Structure formats: C-alpha cells, structure tokens
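Have a look at the structure below, then the notes.
All of the numbers you see were taken from the coordinates with simple rules; none came from a lab. None of these values were measured; they are calculated from a predicted model. Reconstructed Cβ throughout: ideal geometry from the backbone, glycine too, with neighbour counts over all protein chains shown.
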C-alpha cells in the first residue's frame with residue numbers, strides 16, 4: 001500500500017510538487033506572520049492561496065481520472081473511494097507543510113501558535129483534496145472520456161461567480177478605505193484590487209484573442225485561438241494579485257525605509273551629533289571657538305517637554321545653518337522648513353531686543369480723583385529669567401495731591417521685562433455688590449512710572465479684560481496713564497510687546513493655547529511672531545517650533561530641565577575640531593529610540609510574505625502551464641503534419657508571450673499605482689507617534705517597476721515555456737498511435 | 001498485388017528496413033503508383049502504420065529509402081514533404097480549433113488565403129456530410145465525426161500523395177462508402193492513395209493490394 005502510494009506520487013510528481021510548494025508557502029507564511037506577532041499579514045496570502053490550491057487540486061484530479069475510474073470499477077464507492085484517493089494529496093500536504101515550517105525556521109521566527117499553523121495547514125490540505133474530488137465527480141463514462149471539455153465547462157460555470165465577488169470586494173476596498181479598518185482587511189485589500197485587475201486583464205486577453213483569431217495571418221490566428229482558451233489565462237488574476245501585493249509591500253517597505261532615513265536626517269539635521277555638557281551660552285561659545293568660521297559645527301538646544309507640538313522646540317545657531325546643514329534635508333518633509341532657516345536667522349537679527357530693567361527700584365508718581373483718599377495697589381507684572389514677577393506698590397493718595405511711592409524690585413536681578421499692569425482701588429466688590437455706590441471707583445493718574453530704569457509709561461497700555469460690569473477706563477498717552485478701575489475694584493492692563501516679538505518657525509501642527517510664545521532657553525516667556533509654518537522642521541520633525549539660539553540665550557541663566565545641549569556637526573568635521581566638545585555619535589541616534597518604537601519591522605515581514613505571494617502567483621500560472629504544454633506538444637505535432645511552417649508557429653508563440661506579458665505587466669502596474677495611491681496609507685506598518693514625520697506612502701518607481709517586472713517576466717516566461725516544445729518532442733510521427741483528438 | 005513500376009509520380013519504398021530496437025520492417029520494397037488506390041493490409045502490429053510513416057517522411061528508415069517523384073520523403077526533421085497528406089488513425093486534429101478551422105489550416109499552411117481556405121474547408125466538410133459541424137470545437141465531436149474531419153483535412157489540400165491509416169475504422173457503412181468514394185476520386189485525379197486497413201471490403205475495392213506481415217511484404 002505504502003509502496004503503491006509513493007510510486008503513484010512519484011509518477012505524478014510534476015503535478016504534486018507545485019501543490020506542495022504552494023502549501024509550503026502558506027505554511028511558512030503562517031509561521032512567519034504569527035511568529036512575528038502580526039498574524040494579519042497572513043490574510044492576503046490566504047486569499048492568493050485560495051486562488052492557487054483549488055487549481056492544484058483540479059489538475060491533480062484530472063491527472064488521476066484513470067485511477068479514480070479503476071477504483072470505481074473495482075467496487076470502491078463513497079468514503080472508501082475518497083479515502084483511497086486522498087492519501088496522495090495528504091502526502092503532498094505533509095511534505096509541503098514540513099518544508100514550509102523548515103523554511104520559516106531558517107528565515108527566523110518567534111513563538112508560533114501550533115493551533116494556528118495547524119489550522120491553516122489543514123484548510124490548505126482540505127482545499128486541495130476537495131478540489132481533486134470535485135474534479136473526479138461525475139459518471140464513470142465521463143471519467144474515461146479522453147476529452148475534458150465537458151468537465152472544464154462545468155467547472156467554469158461553477159467559477160463564474162468568483163469574478164463578481166472579487167470585483168465587488170475590490171470596489172468596496174477602494175471606496176470604503178479607512179485607517180480604522182481591521183488589519184487583516186487593510187493587508188488584504190491590495191490583493192483583492194490586484195485580483196480584480198487580473199480578471200480585467202484576462203478579459204482583455206480574451207478580447208484581443210478573439211480579434212487575433214480572425215486575423216488572416218496564420219501566426220496571429222493560432223495565437224488568438226490559443227489565448228482564447230479559458231485555461232490559457234487561468235492563473236493571470238492570481239499572478240497580477242500577487243504582483244500588486246508585492247509592489248504594494250515593496251512600496252510600503254521603501255516608504256518606511258525612507259521614513260527612517262528622513263527621520264534620522266531631520267531629527268539631527270547633521271550626520272554627527274555631540275551631546276554637550278554645559279549651559280547654552282557656553283555651548284554657543286564652545287562651538288564658535290572650535291569652529292570660528294562656522295564650517296562644520298552648529299550649536300543647538302533641543303527641548304522636548306512633552307508630546308504636544310507647542311512644547312517641542314529647538315534653538316539653532318541659525319547663522320551657521322546654511323553652511324553646516326545646507327540642503328541636507330532636501331527631499332524630506334522638512335525641506336521647506338529647512339529652507340526658511342536663513343529667514344529665521346535674518347528676522348531674529350533684525351528684531352530689537354526687548355527693553356529690560358537695569359536698576360533695582362520701582363518709582364511711581366500717582367494722583368487720585370474723587371472726594372476722599374482711597375487705598376490703592378499698583379502692580380507691574382514682569383518676567384525675567386527667574387520667572388514671572390510682580391512689582392507692587394501700595395498707596396493712599398489724597399485726591400489732588402500727587403504721591404510718589406517706591407519699592408525694590410523682586411526677581412529682577414538679571415533684568416525684567418514688563419508684561420502687564422494691575423490697578424486696584426478700594427475694596428473689591430463681588431457680583432452681588434458691584435452696583436452699590438461704594439463700588440464706584442475714582443480715577444488714578446500715573447504720571448511717572450520708572451521700573452529699574454525703564455519708562456513704563458512710554459509704551460501703550462490697554463484694558464486686558466473688559467468685563468460686563470462697568471469695566472473702568474484707561475487713557476494712555478506717552479508719559480501719562482489714567483486708570484479708572486472697574487466696579488470689581490481691579491483693572492488689568494496689557495501692553496504691546498509685539499515690536500520685540502521673537503520670530504519662530506512652527507510646524508502646521510502647533511496650536512498655541514493663547515498668543516504665540518517663544519521661551520528663552522531658560523524658559524522665560526517671550527512673545528513670538530510666527531515667521532512661517534511648515535509641515536516639518538529640522539530637529540523637531542512634524543511637531544514643534546524652531547527658534548534662533550543666539551537671541552534666545554540669556555547669559556548666566558540656566559536652562560529648562562528638559563533642554564539637551566547639542567553640537568550638530570557635518571560628516572567631514574575634523575576630529576581635532578570635535579575633540580574638545582565631546583564624543584561624536586551618529587545623528588540617527590537622536591531618533592533611534594522613537595523610530596524603533598514606531599517601526600516594529602512589520603513592513604519587512606510584509607515584503608517577505610509578499611514574496612511568498614509572488615511564489616504563489618508563479619505557481620498559479622505554472623500549475624495549468626504543465627497541462628497546456630502537453631496540449632501544445634500534441635498541437636505542434638499536428639501543425640507540423642499539416643505543413644504549418646515553424647516560423648509561423650514561432651510567430652504565434654511570440655505573440656502569445658507578448659500579449660500575456662503585456663496584459664500581466666500593465667494590469668500589475670496600473671493596479672499597484674491605484675493601490676499605492678489609495679490604500680497604502682491605511683496599512684498598519686508604522687506607529688508613528690506625535691511629532692514624528694508622517695509616512696509618505698506615495699508611489700516609488702522601484703516598487704511599481706518591481707510589480708510590473710515580476711508579473712511581466714513570470715507571465716512571459718511561463719507562456720514561452722508552455723509553447724516552447726522542442727522539435728524532437730513534437731515530431732508528427734508521435735501522432736501515429738497517440739490516442740487523442 | 002504489388003507493383004514496382006517506378007514511374008514519375010509513384011511513391012517508392014526501396015529495401016526499407018526499420019529497426020528502432022526490434023525489427024519492425026524488414027527489407028520492404030514496394031511501389032505505390034499514382035492514380036491508383038492501394039490497400040495496405042495486415043494484422044495488428046504487422047507494420048502498416050510504420051510503413052506509412054516511412055513512406056510519408058515522418059520516420060527515417062534504418063536502411064533503404066522512400067522516394068516520391070525521385071526525391072526522398074524523409075527530409076531530416078520528421079516533417080512530411082508538402083506533396084504528402086495524411087489521414088491518421090488517431091485523427092491528429094487540433095483541439096483548440098473548430099472542425100472547419102482544422103480543415104482550413106491545412107490549406108492556410110499552403111498559402112491559401114483565409115477566406116478561400118474557409119470556403120474550401122466548408123465544401124470539404126460537406127463532402128463528408130458534416131458541414132453542419134463546422135463551427136463545433138473538435139473536442140465536442142464523436143469518434144466518427146472526428147474521423148470524417150480528419151478525412152476532409154487530408155483530402156482538401158489536393159496533395160499528390162494521400163496516406164490514410166484506417167480512415168474508416170469508426171464509420172458506419174454509409175459513411176465508409178462516402179469516404180471510399182472520396183479516396184477514389186483522389187486517385188482518379190492522379191493521386192497516390194494508400195489505405196492501411198483491416199477491412200477486407202476495402203481491400204476488395206482497392207486497385208492494388210499490398211499485404212504485410214511481421215514487417216515483411218507477404
């Protein structure tokens with residue numbers, strides 16, 4: 001029994017081996033997908049296998065018709081008949097499964113679910129067996145009939161629904177694309193569109209074939225008749241589907257590769273980076289000392305406080321940007337932003353520094369309207385490297401008599417900037433009492449307000465928070481400020497700091513909670529002016545702001561806790577220049593952690609499995625090709641017998657190759673472009689977090705060419721092999737006793 | 001009856017032996033004259049088909065020669081010379097073509113324009129009462145229908161030599177007569193017609209009879 005099984009298998013090894021190869025691919029893919037933690041990657045291969053394995057089973061059935069008929073003649077029926085026929089395909093499945101597991105182990109894989117692998121293997125085996133049995137159904141007379149026409153027609157009728165299902169699925173995939181779709185569907189959609197394109201290509205081949213068949217030339221006519229056979233392009237949809245999957249996977253892998261490269265380039269802006277241990281002013285000085293001409297080094301301070309775009313910023317020594325970074329970020333998402341760095345430097349240089357206090361006392365001359373003295377409080381709001389401050393004086397002026405008050409400044413040792421003012425007169429009134437007469441406020445006139453040498457009255461003042469109650473009033477003229485507080489008792493005044501606003505570049509993702517701000521390296525708030533926005537910017541990527549370093553450093557002050565002083569250096573920086581700064585490391589290390597977290601290698605595994613899909617595509621055309629080749633051998637002998645010249649037969653063969661290769665190639669290229677343009681961005685291959693560059697899944701020529709080339713070559717070579725029958729094998733003499741039509 | 005006249009237009013086998021392994025033909029010398037129907041008979045395995053194959057240039061003889069009109073029929077590549085047409089026992093039709101196209105292709109191979117070839121093929125099929133099957137794929141035809149399509153294709157080209165291997169084995173008496181009439185007509189126009197057959201009736205109707213047994217002329 002065993003010997004007979006092995007002998008039968010060996011006699012039909014040409015039919016069994018492609019089936020075993022298909023099962024090996026599916027099994028290996030299952031192991032790789034599951035072991036890699038992304039079982040969804042298996043889904044497209046399951047779809048492709050569903051297009052290959054039944055064909056393998058059918059061919060196996062056709063090859064065993066005589067044997068099946070003999071079994072029936074010997075009285076085997078029903079389960080006994082099926083069991084006797086099942087041993088061979090099961091042996092094939094065992095060999096294929098073992099080969100697949102072995103292949104996956106060689107390629108390397110993680111922990112695998114034996115249940116999943118076993119289930120997929122069983123399904124594959126069952127598909128082959130069922131297809132084989134289906135091919136062997138029917139009356140005994142039909143099994144013994146040499147012609148397969150009736151059976152082929154019946155099978156074709158059964159398969160007529162498949163194109164409809166595939167076309168509908170492809171339309172759904174294209175119209176209802178969504179990044180929230182299940183991973184398995186996202187990976188499968190490209191294959192479905194590819195299958196639909198392959199079916200369309202098959203229809204086109206048939207159309208072309210019908211035209212060729214009516215051509216007067218014998219070569220085109222023969223080619224047309226051959227191409228018109230339903231079995232001539234059986235594997236084309238699966239081949240195109242697999243090529244589209246491969247193209248899509250390659251495009252995605254290239255996109256992820258580019259993303260990694262771009263992220264590394266953008267995040268450091270230069271190939272080398274040195275983590276500097278020292279404050280910002282020393283960093284600037286150190287780089288300028290080490291590289292006085294600014295040829296290689298650029299100081300930078302990266303501050304990534306949290307994931308919000310507004311909290312991510314970098315300070316760059318913009319005067320050196322063009323020479324040190326130049327066009328290195330061209331072609332990345334930060335290309336436009338990088339081009340605006342010189343504008344940033346120029347704008348920063350052109351912006352006047354905001355006046356700061358130099359002294360340590362505040363003096364005010366105050367006059368009060370009204371019938372009686374009232375207690376008042378005057379606060380000048382300030383900001384300094386030490387943080388926000390409030391300079392406060394209290395007074396109880398007698399109406400009509402100017403009063404001069406003075407106090408020491410607090411937290412202004414490094415100089416303070418004026419940010420606002422508050423004037424409070426009398427006791428506060430709440431919402432239930434503000435209408436009472438005691439809540440009416442007299443006007444305060446400030447005729448002099450010196451804040452550590454700053455003339456505070458020289459700048460404009462406006463009410464900051466008018467409210468619904470009588471808001472009070474403010475009349476500001478140079479040298480004089482008249483304030484009548486609101487009924488609530490306090491007026492809040494704003495001043496215009498825009499003349500000194502710091503220019504910044506911001507990514508389009510930045511949303512300011514209030515007015516734009518540009519903290520210094522020490523964290524002191526400054527008003528900001530957004531010079532330009534860009535999709536991405538150097539160092540901060542797709543989320544953050546870029547500021548000029550030299551105008552953002554207040555010497556002698558510290559830096560915020562999350563500040564990373566960096567020296568960015570060109571690749572050709574001499575070691576002697578870097579020597580005193582620290583240890584240089586690749587710029588990509590700045591982003592390695594986040595990049596590795598975002599990219600778990602799914603794109604690479606996708607390509608690997610898609611390559612397996614391409615193998616299934618090859619098998620899809622090879623399995624029927626073996627049978628076609630046998631038919632072609634007989635046909636060629638007949639043509640030689642009736643005197644058809646070999647040149648005409650060769651012309652027919654060439655035409656077939658051209659039509660099939662073109663149909664497969666063009667359909668694959670078009671479908672890959674369509675898939676890449678519409679579905680790739682939904683593929684869950686990268687978990688790019690906040691601030692990281694977006695994954696650009698636009699079409700890559702290499703990937704599109706790969707899809708087209710694979711489909712063209714496989715279709716062309718298979719068609720050529722099918723028709724390329726050696727002269728010795730197609731001698732007309734072989735027709736003497738051959739029992740066939 | 002055997003003949004060795006060696007006139008122009010005869011098909012001549014001269015001391016032909018064929019031994020690919022076992023000896024299948026042993027020093028066979030025979031002439032198939034033009035304008036005559038020659039019946040080639042013998043038991044199964046006697047070498048009839050092999051003899052026809054050598055005569056038609058499909059197989060090279062191990063010794064001796066087969067000539068038509070003074071030229072060897074074996075052309076070195078296994079293809080028959082254009083002067084020789086076959087009706088094979090196993091039909092030898094192209095499955096991907098319809099019955100009409102199977103007949104027409106023999107004409108088109110000889111340079112007959114497509115439309116003319118199609119018309120003549122139609123007429124040839126009509127000659128064997130199967131004009132209505134012209135559009136059917138040959139895969140769909142019965143054995144008898146296939147045999148008549150093969151006869152139509154063999155006769156349609158008007159070759160000067162027609163070698164027919166059991167051309168009536170699948171046919172009923174009525175169609176046997178139709179086929180024999182057609183073969184007779186070919187001989188009447190000066191064609192060499194050789195029919196390998198087991199059928200004594202055909203032998204009776206033939207002008208000449210060559211019997212072969214165990215590879216030798218009996």
| task | Run the quick spin-label model on residue B:199 and residue A:500: label points 7 Å from Cα toward the beta carbon, then report their separation in nm to one decimal. | result | 12.0 nm
| said: Rounding to the nearest 10 and keeping the result within 0 to 90°, find how far the Cα-based axis of helix A:43-63 lies from the longest principal axis of chain A. | reply: 0 degrees
| task | Could you give the spread of the C-alpha atoms of the range B:29-74 along their three principal axes, from largest to smallest, in whole angstroms? | result | 30, 28, 16
| query | So how many Å³ per residue does the convex hull of the Cα atoms of the range A:292-415 work out to? | reply | 185 Å³
| task | Please work out the C-alpha center-to-center distance from the range A:1-37 to the range A:358-400 and express it in whole Å. | result | 91 Å
| said: Can you tell me what share of the DSSP beta bridges in the range B:94-218 is antiparallel? A percent to the nearest 5 is fine. | reply: 40 percent
| message | As a test of the formula, what do you get for the protein assembly as shown when each DSSP H run with n ≥ 4 contributes -39,500 (n - 2.57) and the sum is divided by the residue count, at 222 nm and rounded to the nearest 500 deg cm²/dmol? | response | -15000 deg cm²/dmol
| So what's the angle, to the nearest 10 degrees on a 0 to 90 scale, between helix A:646-678 and the longest Cα principal axis of chain A? | 30 degrees
| request: State the Cα centre-to-centre distance between the range B:89-107 and the range B:149-168 in whole Å. | output: 12 Å
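Based on the Cβ-Cβ distance from residue A:508 to residue A:438, what FRET efficiency comes out when R0 is 56 Å, to the nearest 0.05? Please list the in-between numbers first.
Values: r = 53 Å, r/R0 = 0.94.
Approximately 0.60, to the nearest 0.05.
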| query | Quick one: Debye curve from the C-alpha atoms of the range A:564-640, no solvent, what's log10 I(q)/I(0) at q = 0.19, 0.23 Å⁻¹? | reply | -0.91, -1.04
| query | Among the DSSP beta bridges whose two residues both lie in the protein assembly as shown, what percent are antiparallel, rounded to the nearest 5? | reply | 75 percent
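Please report A:463, A:639, A:706 as a ranked list, fewest other C-beta atoms within 10 angstrom at the top and most at the bottom.
Sorted ascending by nearby Cβ count, the order is A:463, A:706, A:639.
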| note | Measuring from the longest principal axis of the C-alpha atoms of chain A, the long axis of helix A:236-268 (C-alpha) lies at a number of degrees, nearest 10, equal to 20 degrees
| said: Taking the Cα centroid of the range A:544-622 and of the range A:263-309, what is the distance between the two, rounded to the nearest whole Å? | reply: 14 Å
| field | Relative contact order (%) - chain A, alpha-carbon pairs under 8 angstrom, separation at least six | value | 20 percent
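Counting only C-alpha contacts under 8 Å and six or more residues apart, can you give the relative contact order of the range A:643-739 as a whole percent? Present the calculation step by step, with values, prior to reporting the outcome.
Numbers: 59 pairs, mean separation 42.4, N = 97.
Relative CO of the range A:643-739 lands at 44 percent.
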| Cα convex hull of the range A:361-496: how many Å³ per residue? | 95 Å³
| field | Förster radius 51 Å - calculated FRET efficiency between residue B:129 and residue B:26 (Cβ-Cβ, nearest 0.05) | value | 0.80
| Any idea what the relative contact order of the range A:361-496 is, in percent, if you count C-alpha pairs under 8 Å spaced at least 6 apart? | 27 percent
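Viscosity 1.567 mPa s, temperature 4 °C: what is the translational diffusion coefficient of the range A:587-741 from Stokes-Einstein with a Kirkwood Rh over Cα pairs, rounded to a whole number of µm²/s? Walk me through the numbers before you get to the answer.
Details: Rh = 19.2 Å.
Rounded, D is 68 µm²/s.
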| Using 7 Å Cα-to-Cβ label points, what is the residue A:168/residue A:392 separation (nm, one decimal)? | 7.6 nm
| Potential lengthening between residue A:360 and residue A:593 on full extension [0.36 nm per residue; Cα-Cα distance subtracted] | 79.1 nm
| message | Over the range A:1-159, what portion of Cα pair distances is larger than 25 Å, expressed as a whole percent? | response | 35 percent
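What FRET efficiency comes out for residue A:180 versus residue A:289 if R0 is 60 angstrom and r is the Cβ-Cβ distance? Round to the nearest 0.05. Could the numbers behind the result be given before it?
Values: r = 54 Å, r/R0 = 0.90.
So, using R0 = 60 Å, E works out to roughly 0.65.
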| said: Using the Kirkwood radius over C-alpha pairs as Rh, can you work out the diffusion coefficient of the range A:206-246 via Stokes-Einstein at 4 °C, viscosity 1.567 mPa s, in µm² per second? | reply: 119 µm²/s
| remark: Between the modelled labels at residue A:210 and residue B:185 (7 Å from Cα along Cα→Cβ) the distance in nm is 3.6 nm
| Full-stretch length increase - residue B:216, residue B:116 - with 0.36 nm per residue and alpha-carbon distance subtracted | 31.7 nm
| message | Assuming 0.36 nm per residue, please report the length gained on full extension of the stretch residue A:98 to residue A:322 beyond their Cα-Cα distance. | response | 74.7 nm
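If you build the convex hull over the alpha carbons only and average its shadow over all orientations, what do you get for the protein assembly as shown? Give it in nm² to one decimal. Walk me through the numbers before you get to the answer.
Working: hull surface 233.7 nm².
Averaged projected hull area, Cα only: 58.4 nm².
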